[in-house]
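Here's the structure we're looking at; comments come further down.
Each reported figure results from applying straightforward, stated rules to the coordinates on display, with no laboratory input. Treat the numbers as computed from the prediction; the structure is a model and nothing was measured. Note that each Cβ is placed from the backbone with ideal geometry, even for glycine, and that neighbours are counted across all protein chains shown.
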Amino acid sequence: MNLTNLTFTFFFNSILLGIGLAMDAFSVSLANGLNEPRMKRTKMVGVAGTFAAFQFAMPMIGWVCVSTIARYFRMFQKFIPWIVLALLGYIGGKMLLEGISGKKPEEETAAVGYYALFVQGVATSIDALSVGFTIADYTFVKALLACLLIGAVTFFICFAGLVIGKKAGTRLAGKAGILGGVILIVIGVEIFITGRY
């Protein structure tokens, strides 16, 4: 395992890449904090950790795909904006309807329940698959380290998003779910229209 080629530029670029990739997850974390202003710290760590895990895993999967089945992966890329729009539209629409109806969702069906969190994690990290192309010339160890840095950056950014969302959510009270749903839908539409993945 040769780590002599791990320069300052490598770490700097990996952190910048992590910041760029974490922006969608940050916005979704903000929406989750808005929707659940009384979220406990342990759950916040779990939510941020979930986004971080997805942002770590997706570039690694992308790297493996580039190394093995690159042709099929390139064919899949054009569907990414559609998948993101569908996933975030579904979760955002659900939050929006619950906010408008004024019904208090049960813990199992809350906007930041396990199922919704999984869907959000996939939706906000699927674009990170494409990062596999940008790190295609990395060795396995170097790619793994880059993805770990991306995951770590995502964790801290998403945790900050939850904190900010919680504070705003407490002030917004009943309207928080509506705002959170709108944020998710807007993210999905923006990615779909611009084709940014």
- line: Quick calc: nm separation of the 7 Å Cα→Cβ label points for A136 and F10 -> 2.0 nm
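In this model, which of K43/K78; K40/K167; K43/K142 are farther than 24 Å apart at the alpha-carbon? Could you put the intermediate results ahead of the total?
Details: K43/K78 34 Å; K40/K167 13 Å; K43/K142 31 Å.
Long pairs (Cα-Cα over 24 Å): K43/K78; K43/K142.
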statement: With a Förster distance of 25 angstrom and the Cβ-Cβ distance between M23 and V182, calculated FRET efficiency to the nearest 0.05 equals 0.90
